[in-house]
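Trainee: Submitted below is the structure of interest, expressed as structure tokens.
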Amino acid sequence: MTRQSKRSSVSRRKFLLASGGLGVAGLAGCTQQNTGGDSTAEPTSGGDESGSDGTDSGSQALSGDIAIAGSSTVFPLATAMSQRFQETHSDVNVSLQSTGSGGGFANYFCTGQTDFNNASRPIQPEEEDQCSGNDVEPVELKVATDALTVIVNNDNDWIGEGLTVEELKQIWSADSSPETWADINSEWPDEPFELYGPSDASGTYDYFHEAILGEETSHRQDYSPTEQDRTIIQGVTGSKYAMGYLGFAYYSENQDSVQAVSVKDGEGDYVEPSLETALSGDYTPLSRPLFTYPKVSALQEAHIEAFTRFWIENATSREIVAEEVGYVPLSEDEQQAMLTRIDDAVDGSN
Amino acid sequence: MATETEHGEIEGFGQVSRTVGTVFRYLLIAATMFGIVTLAVLLVYVANDAIRPLTAGPGWYLTYFFTLVVPTLLVGAYVRTRDRAAFSFGVFLIGLLVVSLMFSGGVGLLVVDVVPPLVALSFALGLAVPAAVAVVLTRNSHRISFTTRLVATSLAFYLSLFGLPGPIGDAAGLPQVVPSFVQFVQSIPVIPVDWMMVAAVVGGGSAAAVGAYVAGVRDARSGLYAGLAAFAVSVASAVVGPFVGLNPVPAVVVTAVALVPTSTYAWRGAFGEDGTPIGLGFAATVVGGALVGAAAVEAFGFAGPQSWVDWQFLTSSHSGSAVDAGLYPAIGGSILLMSTVAALSFPLGVGAAVYLEEYAPDNALTRFVDVNISNLAGVPSVVYGLLGLGVFVTYLGQSAGTVLVGGATLALLILPIVIISSREAIRSVPSDLRQASYGMGATRWQTVRNVVLPEAFPGILTGTILALGRAIGETAPLIMIGAPNVVFSLPTALNSKVSAMPLQVYAWSSLFASEDFYTKAVPAGVVVLLAVLLAMNSVAIVLRNKFERTG
């Protein structure tokens, strides 16, 4: 018994020595330089720069958060751009929210919560007042052109070539607010309208209101307002006597489910909504510019400036803007103008 | 009253007939089945869209039929006739493996993409050192007064986590004089490689749990050895991992979180006292059959179902096209939200429950609180969303849609449920136990700590997990607090924007109008969400069953 325990203690000491030696050697081989990257503590001078990994050599990696809210019309475009930006800058965390142009300005952007607000109409004076009240200075950047599209059910065979602006105005105006199709044109069916559209937080609503109804006439409120463009498509698909309007991108993804209405402005021809007619300027009055509004203070941060430039540099891309999302890309001239505007904004408050 | 008349009628009951009873019985069955069947149809429909089982070839099905289904049925039937307990042990073991693998996925996501290993290590050390101090102080509790111990323990935690003068000094504008232990660890110039730090934190935690478990089953010495062995296995897996196609860090996490606990349980159930090795045989048949099937399918080149729920879906972020879209940021967001919710609602809820059950006098105020907690449990979630928006975002000025705001709002939402279920659990502790404890001269605090809480703990945990299961599916409060519709990477701090699984599914179904998202990404997201939910609920159910058996 004693002999056994003696022998085992010797072997245990040997074992400890051997394993200890191996362990130390192993540990020495398994260390790395502490680059002190994103610890919670204050940035600690990053150790020595000759670190072994070399991950942060070359251009300085961008990192940080970018918060974007605003128009549901611009949302698919902003998503496409952020997705591409994220592929090359994985440390930049972009978050996107679809709130409607007005909702985004009032509740998020002008209160300083977000860095960008997308809008499908220019910023309004009262919104600028609210922003400046909170020391938020917006920069207007045009990012694309949209053909705001009026849609009806596929079984709708009575409107013929299309609708005139005057007819659209009658249908959507609060003053006339016709009950049935026959109220507009006696040859049309005597069936009640089912109207779907964006809610009044939406820039699409504002633009349609201004372009079709004008300042004096108010938009009728007895329709089904929604911020979800899918709901508009579903509503119009579901009823023969339905009508709705939304951004072209959402229509272009659902061309089989609904039909787009050609629009006649004044004495012109009926023009169908498409990227070509929006670009050529024939599709009046419903082709409209789309914007994003970064705030000047956010542009001082490197990752936000980089993202803004990335967006505008790709805003002329047919592949992203037209084919993937469904809007008209910027022209080269417009792109240059926007880039200058970014330069001014970045330098201006330095 | 009920006297028989000549016509075979009983006064007050009318005509005696069996038909009425039979009809009533079948109506009840119909009522029972209606909801279940409707839901089942819906789930099958969604799962069919997401997993698309019909796209797999017959070869794939045949292979799995012979490697997995047939052996499982044969061995299962044999084991079940021989020993029912062994069979249920085997089934439980498989369930444990599946759930712990899912759990290890979550932990892996945290250590790979959210918390850098060094930060995790520094905080683990920063908590372990003062905890050790506290344990030593408690051991000597007969010599040191409670107040001294309390002050010393708090001081140790404060120094270790914040340094001197820390946040209090920040508030007073004093500069940091002594760095905290956490900062000190983070500033060491030469540190171990990532997998070693992960092994130290995750493997260490799992080894401690295994050690404690074995020590409870056997004795302290076996516990120590088991813990050391578990730790060694976790470390070894990092070396072995690369040979089977796993990076060291995931290999360590999977081993430490899933394999080590499962095998500990398997060892105990199979070879411990009154163990049943044939149950282990059944579990091995199922797992082995699945692995062999996978290898065979790979070797013969049979195509499996072209499921939308695949590795790519689980690990990539949102994309403009439905086929490339993934749920990764939302999964991570949900995990972080749930951690925050658990950290906030568990102590608050259990504390309130203990007070109300053990301390509160039976007066009007208590009854008023009682009624209000029950009512709060029924308040619609959108109202809690408004509350979160109003209190945290508008009033306290937090930025909208962050992990902290989302977690705090959801914690408020489930707090009443946690309180109610914890009270239920505490109430079900037999009062004989309390009386016995008092009879031995224990104080109320000693009784609560040593008798009531240990006895009620499984029930409390069950209730909390079920409540978390409700929180993980909530969408409305997150929309209200302005959580973003799309994010591309995981949140790395409490104040970064977060998405969650139900929110991502909602965004796909509403904001992306194309039919593609509706038929591909949405069902896949729903299936993942349900899988996580079922895993959580199964943990709760297992806990409850164990609790009922022993208690």
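The values are calculated or read from the model by the stated rules, or taken from the named source; none is laboratory data. All figures in this text were calculated on a predicted structure; none of them were measured in a lab. Cβ sites come from the backbone with ideal geometry, for glycine too, and all protein chains shown count toward neighbours.
Trainee: Picking from A:PHE248, A:PHE310, which residue would you name as being assigned by TED's automatic domain parsing to the domain that holds A:GLU179, under 17 Å from the mean Cα position of the chain (by Cα) and in contact (Cβ under 8 Å) with a residue 24 or more places away in the chain?
Mentor: Of A:PHE248, A:PHE310, the one residue that is assigned by TED's automatic domain parsing to the domain that holds A:GLU179, under 17 Å from the mean Cα position of the chain (by Cα) and in contact (Cβ under 8 Å) with a residue 24 or more places away in the chain is A:PHE248.
Trainee: Taking the condition touching a Gly at 6+ places or on another chain (Cβ under 8 Å), within 13 Å of chain A (Cβ to nearest Cβ) and not acidic (Asp, Glu), does B:VAL403 pass?
Mentor: It is true that B:VAL403 is touching a Gly at 6+ places or on another chain (Cβ under 8 Å), within 13 Å of chain A (Cβ to nearest Cβ) and not acidic (Asp, Glu).
Trainee: While we're here: Could you tell me which of the residues A:TYR245, A:TYR241 is away from chain B (no Cβ under 13 Å) and either touching a Ser or Thr at 6+ places or on another chain (Cβ under 8 Å) or at pLDDT below 85 (or both)?
Mentor: Matching residue, one of A:TYR245, A:TYR241: A:TYR245.
Trainee: Considering each residue of region B:159-196, count those that are assigned to a helix (DSSP H, G or I) and facing another protein chain (nearest Cβ under 10 Å), and give that number.
Mentor: Looking only at that region, the number is 8.
Trainee: Something else: For region B:199-222, does any single residue satisfy the condition of being in contact with a helix residue (DSSP H, G or I) (Cβ under 8 Å, 6 or more places away or on another chain), touching a residue at least 12 places away in the same chain (Cβ under 8 Å), among the hydroxyl-bearing types (Ser, Thr, Tyr) and more than 14 Å from chain A (Cβ to nearest Cβ)?
Mentor: yes
Trainee: Please specify each residue of region B:498-541 satisfying the condition of being of a type in the set (A, V, I, L, M, F, W, C), out of contact with any helix residue (DSSP H, G or I) (no Cβ under 6 Å at 6 or more places or on another chain) and within 11 Å of chain A (Cβ to nearest Cβ).
Mentor: Residues satisfying the conditions are B:ALA507, B:LEU511, B:PHE512.
Trainee: Hey, can you tell me all the residues within region A:138-148 that are crowded, with 16+ Cβ neighbours inside 10 Å, of a type outside the set (A, V, I, L, M) and at pLDDT 90 or above?
Mentor: Selection gives A:PRO138, A:LYS142.
Trainee: Suppose we filter B:PHE66, B:PHE13 for residues that are among the aromatic types (Phe, Trp, Tyr) and either touching a helix residue (DSSP H, G or I) at 6+ places or on another chain (Cβ under 9 Å) or at pLDDT 90 or above (or both); which single one remains?
Mentor: On inspection, the qualifying residue turns out to be B:PHE66.
Trainee: Another one. Which one is farthest from the chain's Cα centre (by Cα) among residues in region A:278-288 that are crowded, with 19+ Cβ neighbours inside 10 Å and under 22 Å from A:GLU332 (Cα atoms)?
Mentor: If we take residues in region A:278-288 being crowded, with 19+ Cβ neighbours inside 10 Å and under 22 Å from A:GLU332 (Cα atoms), then A:TYR283 is farthest from the chain's Cα centre (by Cα).
Trainee: Assess whether A:GLN259 counts as being under 25 Å from B:LEU511 (Cα atoms) and in a loop (DSSP other than H, G, I, E, B).
Mentor: Against the criterion (under 25 Å from B:LEU511 (Cα atoms) and in a loop (DSSP other than H, G, I, E, B)), A:GLN259 does not qualify.
Trainee: State which residue is modelled with the highest pLDDT when the search covers only region A:263-273 and only residues that are surrounded by fewer than 20 Cβ atoms within 10 Å (Cβ to Cβ) and in a loop (DSSP other than H, G, I, E, B).
Mentor: Looking at residues that are surrounded by fewer than 20 Cβ atoms within 10 Å (Cβ to Cβ) and in a loop (DSSP other than H, G, I, E, B), I get A:GLU272.
Trainee: Are there any pairs, at least 6 apart or on different chains, whose C-beta atoms fall under 6 Å, with the first in region B:135-157 and under 24 Å from B:VAL182 (Cα atoms) and modelled with pLDDT of 90 or more and the second in a helix (DSSP H, G or I) and of a type in the set (D, E, K, R), and if so, which?
Mentor: From region B:135-157, no pairs qualify.
Trainee: Turning to a different aspect of this structure: From the list B:SER154, B:SER206, which one is within 32 Å of the chain's Cα centre (by Cα) and in the same structural domain as B:LEU228 (by TED's automatic domain parsing)?
Mentor: When all the criteria are applied, what remains is B:SER206.
Trainee: Going by the structure shown, is A:THR145 out of contact with any Asp or Glu (no Cβ under 8 Å at 6 or more places or on another chain), farther than 17 Å from A:VAL258 by Cβ and not aromatic (Phe, Trp, Tyr)?
Mentor: So A:THR145 passes the test.
Trainee: Give just the number: which of (1) of a type in the set (A, V, I, L, M); (2) away from every other protein chain (no Cβ under 14 Å); (3) crowded, with 23+ Cβ neighbours inside 10 Å does A:VAL296 not satisfy?
Mentor: Going through (1) of a type in the set (A, V, I, L, M); (2) away from every other protein chain (no Cβ under 14 Å); (3) crowded, with 23+ Cβ neighbours inside 10 Å one by one, A:VAL296 breaks only (3).
Trainee: Is there any pair linking a residue in region B:307-321 that is within 14 Å of chain A (Cβ to nearest Cβ) to one that is of a type in the set (Ser, Thr, Tyr), with Cβ under 8 Å and at least six apart or on different chains, and which?
Mentor: Close Cβ pairs (under 8 Å, with a partner that is of a type in the set (Ser, Thr, Tyr)) amount to B:THR315/B:TYR328; B:SER316/B:TYR328; B:SER317/B:TYR328; B:SER317/B:SER489; B:HIS318/A:THR79; B:GLY320/A:THR79.
Trainee: Note down all Cβ pairs under 6 Å where the first residue falls in region A:215-235 and is more than 8 Å from chain B (Cβ to nearest Cβ), the second is surrounded by 14 or more Cβ atoms within 10 Å (Cβ to Cβ) and of a type in the set (S, T, N, Q), and they're at least six residues apart or on different chains.
Mentor: A:THR217/A:SER173; A:ARG220/A:SER177; A:PRO225/A:SER199; A:GLU227/A:SER72; A:GLU227/A:SER199
Trainee: Name the residues in region A:107-135 that are within 14 Å of chain B (Cβ to nearest Cβ), surrounded by 18 or more Cβ atoms within 10 Å (Cβ to Cβ) and not acidic (Asp, Glu), would you?
Mentor: A:ASN107, A:TYR108, A:PHE109, A:CYS110, A:THR111, A:GLN113, A:THR114, A:PHE116, A:ASN117, A:ASN118
Trainee: Taking region B:392-425, which residues are surrounded by 16 or more Cβ atoms within 10 Å (Cβ to Cβ), outside any loop (DSSP other than H, G, I, E, B) and either free of Cβ contacts under 8 Å to residues at least 12 places away in the same chain or more than 21 Å from the chain's Cα centre (by Cα) (or both)?
Mentor: B:PHE392, B:VAL393, B:THR402, listed by residue number.
Trainee: To continue, here is another question. Would you confirm, using the coordinates I've provided, whether A:GLU191 is under 27 Å from the mean Cα position of the chain (by Cα) and either assigned by TED's automatic domain parsing to the domain that holds A:VAL296 or surrounded by fewer than 19 Cβ atoms within 10 Å (Cβ to Cβ) (or both)?
Mentor: no
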